[in-house]
Amino acid sequence: MQLTSKTIRLTFLGGAFGTLLRFALFVTLGDLVSVLIVNLIGSALLGWFNGNKNNDTDEFNSFWKTGFAGGFTTMSGFAALVILYSQNLGVIAIIATLLITGVSVAAYWFAYKIARAR
């Protein structure tokens, strides 16, 4: 991807849009549910975007992949919840973390394969 003023602006706008949508989900659904949903949906979106080569332009990648998906998903929120819940739930929280991570990777892969098949 070429780093230009246009791709920087598109990345910023996509990130702002993704972050606002994540915040809206957080306000309506709470922390745990919203973090799970945004990371699963974000993983699937990235898989779909990467699998669909029709839109593989610097502008599309800047806005949707780096900006929107980067702002929509939250690794730091996921990590904070893992620490918070592992203090109370111990091994169960670690198992849930591995399960959620595996499902997110599967969501990416599944969406990628669907987009490639089109």
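Modelled label positions at Ile92 and Arg9, each set 7 Å beyond Cα in the direction of Cβ, lie 5.2 nm from each other. Computed over the chain, relative contact order equals 42 percent, with contacts defined as Cα pairs under 8 Å that lie 6+ residues apart. Between Gly30, Gly51, Gly42, the GNM of the chain built on Cα springs shorter than 10 angstrom shows Gly30 fluctuating the most. Here Lys113 and Thr28 are evaluated by their C-beta separation; at R0 = 22 Å the FRET efficiency comes out at 0.10.
Plainly put, the chain has a radius of gyration that is 1.03 times its Kirkwood radius, both from alpha-carbon atoms, as the Rg/Rh ratio.
Bear in mind that the values in this text are calculations on the coordinates, not laboratory data. Predicted model only: the values in this text are computed from it and were never measured. Methodologically, a virtual Cβ is constructed for each residue, glycine included, from the backbone with ideal geometry; neighbour enumeration extends over all protein chains shown.
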